[in-house]
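Derivation of every value follows stated rules applied to the coordinates shown; laboratory data play no part. None of the values given here were measured: they were computed from a predicted structure. Glycine also receives a Cβ, built like all others from the backbone with ideal geometry; neighbour counts cover every protein chain displayed.
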Amino acid sequence: MANIPTNGVYPPTFGGYSALLAEKLQKRPYTKKLLEVYSPNVFDVLTPQQIYVDVFAHGVAVFHF
């Protein structure tokens, strides 16, 4: 299934985000690491948009830096 933007904005750098991708992050092999870095309840306190931007996008940016 494609991770199309939930809010219809393309590309993500202009504010688009995928709630589906934010949901998938909770069930990946590296989820334990995300919880260690951000907090054990990161998926409970952030909105899907915040998870997409603050966890996913920033994580990718740091990884590629």
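Some points to look at:
- Each residue of the range 48-58 was assigned a 3J(HN,Hα) from its phi angle through the Karplus curve 6.51 cos²θ - 1.76 cosθ + 1.60 (θ = phi - 60°); the sequence is x, 5, 5, 4, 4, 7, 6, 9, 6, 5, 5 Hz, with glycine and proline shown as x.
- For the chain, convex hull of alpha carbons as volume per residue, Å³: 90 Å³
- Taking Cα centre as origin and charging only the Cβ of basic (Lys, Arg, +1) and acidic (Asp, Glu, -1) residues, the dipole magnitude of the chain rounds to 220 debye.
- Residue-count net charge about residue 31 - beta-carbon cut-off 14 Å; Lys, Arg +1, Asp, Glu -1: +2
- Charge tally in the Cβ shell below 15 Å around residue 21, where Lys, Arg are +1 and Asp, Glu are -1, residue 21 excluded: +1
- Computed helical MRE - 222 nm, the chain, DSSP H runs ≥ 4 contributing -39500 (n - 2.57), nearest 500: -8500 deg cm²/dmol
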